[in-house]
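Chemist: Let me give you the structure first, and then I'll get to my questions.
Just so you know, all these numbers are worked out from the coordinates, no wet-lab data involved. None of the values given here were measured: they were computed from a predicted structure. Here the Cβ positions follow ideal geometry from the backbone for every residue, glycine too, while neighbour counts run over all protein chains shown.
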Amino acid sequence: MESKFDKLRSYLAEALDLLYVTGLLSWDQQTNMPPNGAEARGQITGTIERLLHLRASSPELGQMLEDLKSEVNNLDPDSDDARLYKVTLREYERRTKVPPELVTELAETIGLAYSSWEKAKAENDFPTFKPFLEKIVELRRTYAKLFAPYDHIYDPLLAEFEPGMKTADVKEIFNALRPQQVELIREITAKPQVDDAPLTQHFDPKKQWDFGVEVITKFGYDWKSGRLDEVVHPFTIGIGKGDTRITTRILPEYIGSGLFSTMHECGHALYDMGASEKRARTILGQIRSLGLHESQSRLYENLVGRSLPFWQHFYPRLQSLFPSQLGNVSLEAFYKGINKVEPSLIRIEADEATYNLHIMLRLELEISLMEGSLEVVDLPEAWNARMKEYLGVTPTSDSEGVLQDVHWSHGYFGYFSTYALGNLISLQWWEKIYQDIPDLDDQFRRGEFGALLTWLRENIHYHGAKFDAQELVQKITGSKIDPAPYMRYLRNKYTDIYGL
Ligand SMILES: [Zn+2]
């Protein structure tokens, strides 16, 4: 006889199928769709999303969860079934708390806000975007209030992207991190700058592409379960077991873009592949924590891809592909070039030492907007003041200041901090990995990345969405999310590179 849990699992599997359909539609939209298809595609996606929402918030599902309540109390709280119940209940409650009218109003506002933001950014015109952003802030506040009582109005927004995490936790972590990062950057900028000119030459895009493919094949990206396409804003998308697609962006005049975005997305993809292999067609295979996800992408991009042992293996190969550009550039010079630290205005171009400060600034502004202590009209000025304070640079236009990121026009409040959390978590994994695999550097020098992937599969990927970020970090490393390993790493690395 089918158990109550079996019934729940098959019900959720069909909801997941709808989610994969939206993923496939979105992948197609960003890679292949002819431009005139945009309007119809919006409608098609809207319909599928409505069906998904109906299924994920239906009274039938509510009843199933109710029926399982007593059974769950007798389960080991860390068992798969207990966790499936917890994750499903949380999602169900989230969906049923929000009235459909608010969902529609938010979706419509976002549709308009996105085009307004694109135009405002291109024309450096914050005032035209201002009313849309005001509306979004108002709707997000209304949304958050549906989840009262809470410790902080920002909590329900953060929970969308980082389940289980509270505003107070993130603030505490960032407060410990901020002064140390500011001090490190001050020390670095007092030293002579390294030269990254060799990276900005003409590099044949086809050869860049092939090199990226070679690298991620060594990382363990499975080409029978994925593919790589070129887009403007790279992303990774999982469309069920055996299908995790990645994208990249190649710039002919700068080798850093394609190289590191390919490795970054591969990190996301390996996570998705590992989770969906073990947890096919269950929502425990759907990783909800963006911080955990980013801990994988940043690990491959930075901890592997910007490391010396990695380049001791790969640099001769890269030189052989680009002899006239890199033939006379030493490994040491190249390594320093890809690790140059320079406080700058744009988050997505920021180096490892300055990146988190871009995030802290956004988090603080978002919290103030939600609390009502900052008005949208004062946002550009508040942005510029913090850039000056944290990074010592001041935007000369709103396009390279408050308008630079797409997130707010999408209604994403609560998203940014997951990038910084991912950085911190990646180093907590890293220190544990080196304890478990002490000769990892030697393996990289030999071009071997299998032991690393096996470790990540067993300790992280395998669990999928079973644990929240804080729980998984605690389970694997024995401590909560902690900025200390990240600061140790930065200090060691830049002491070598800049002679601190
Ligand atoms: Zn990412």
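Chemist: Filter the range 63-90 down to residues that are surrounded by 14 or more Cβ atoms within 10 Å (Cβ to Cβ) and not hydrophobic (A, V, I, L, M, F, W, C) and give me whichever is farthest from the chain's Cα centre (by Cα).
Modeler: E71
Chemist: OK, next. Looking only at the range 276-328, which residues are assigned to a helix (DSSP H, G or I), within 14 Å of the ligand (Cβ to nearest atom) and within 30 Å of L16 (Cα to Cα)?
Modeler: L290, G291, L292, H293, E294, S295, Q296, S297, R298, L299, Y300, E301
Chemist: Working only within the range 249-264, note down all residues that are within 13 Å of the ligand (Cβ to nearest atom) and crowded, with 23+ Cβ neighbours inside 10 Å.
Modeler: Answer for the range 249-264, where residues must be within 13 Å of the ligand (Cβ to nearest atom) and crowded, with 23+ Cβ neighbours inside 10 Å: S261, T262, M263, H264.
Chemist: Exactly one of these conditions fails for E60: (1) part of a helix (DSSP H, G or I); (2) surrounded by 14 or more Cβ atoms within 10 Å (Cβ to Cβ); (3) out of contact with any Phe, Trp or Tyr (no Cβ under 7 Å at 6 or more places or on another chain). Give me its number.
Modeler: Failed condition: (2).
Chemist: So, restricting to helices (runs of 4 or more DSSP H) that lie completely within the range 398-500, which ones have at least 2 residues that are within 24 Å of K218 (Cα to Cα) and in contact (Cβ under 8 Å) with a residue 40 or more places away in the chain?
Modeler: 417-436, 440-445, 450-459
Chemist: Residues of the range 339-359 being among the hydrophobic types (A, V, I, L, M, F, W, C), more than 17 Å from A385 (Cα to Cα) and surrounded by fewer than 20 Cβ atoms within 10 Å (Cβ to Cβ), which ones?
Modeler: Within the range 339-359, I348, A350 meet the criteria.
Chemist: May I ask you to verify whether G267 is closer than 23 Å to Y315 by Cα, in a helix (DSSP H, G or I) and either of a type in the set (V, I, T) or away from the ligand (no atom under 12 Å from the Cβ) (or both)?
Modeler: So G267 fails the test.
Chemist: If a residue counts only when it is surrounded by fewer than 14 Cβ atoms within 10 Å (Cβ to Cβ) and of a type outside the set (S, T, N, Q), which helices (runs of 4 or more DSSP H) contained entirely in the range 91-174 have at least 1 such residues?
Modeler: 100-123, 126-145
Chemist: For the range 226-248, state whether one or more residues are under 20 Å from A350 (Cα atoms) and either away from the ligand (no atom under 16 Å from the Cβ) or out of contact with any strand residue (DSSP E or B) (no Cβ under 7 Å at 6 or more places or on another chain) (or both).
Modeler: Yes, the range 226-248 has at least one match.
Chemist: Among the residues of the range 22-40, count how many are out of contact with any Ser or Thr (no Cβ under 9 Å at 6 or more places or on another chain) and assigned to a helix (DSSP H, G or I).
Modeler: Residues meeting the conditions: 9.
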